Amino acid sequence: MSGSLGNKEVMAENLKRYMDMYGEDRKTIAEIAGVSYFTVRDWLVAKNYPRIDKIEILARHWNISKADLVEPLKDREAESSQEPIDLSELANTDDDAVWDKLVSSGGRPLTEKDKAMIRLVFADRWDEITQKAKDIDNNNNNK
């Protein structure tokens, strides 16, 4: 392959990146996808390519699109907009998929408490957000 990765290699590279990002090992991925440890190993060394149902399971697990797993990163980066994130707009949405796609902390998705704190600063719905933050604290304290 002259300078470009094949499908198996792209999938292996993307799978490794998300596993590293979320601190997950082969055993964990095998359990999530419902496959053997050795199947995951074969995906990671680009020996085999996952079936679409396994790609969908992993994409849902990480709250990403299937394209994030099967397409080269550079292709997706070229497509993505580099416009600044409007925190006021973000703070006023309850869609976790939007939050997880746009904002992270140390490469990991934000916790509900982190989201609530950001909303406290930027949202238009102060009372509702303040109560949500208190509820999250109460739930965490009751565990």
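Brief remarks follow.
- Ordered from largest to smallest accessible area (heavy atoms of protein chains, 1.4 Å probe), the residues TYR18, TYR37 come out as TYR37, TYR18.
- Set LYS8/LYS54; LYS66/LYS113; LYS16/LYS66; LYS66/LYS101 screened for pairs whose C-alpha atoms are more than 22 Å apart: LYS66/LYS113
- Per-selection Rg to Rh, region 17-76 - Cα, Kirkwood hydrodynamic radius: 0.93
The values are calculated or read from the model by the stated rules, or taken from the named source; none is laboratory data. Here the structure is a predicted model, which is why all the values come from computation and not from measurement. These area figures cover heavy atoms from the full protein model, side chains too; ligands, DNA and RNA do not enter into them. Shrake-Rupley method; radii C 1.70, N 1.55, O 1.52, S 1.80 Å.
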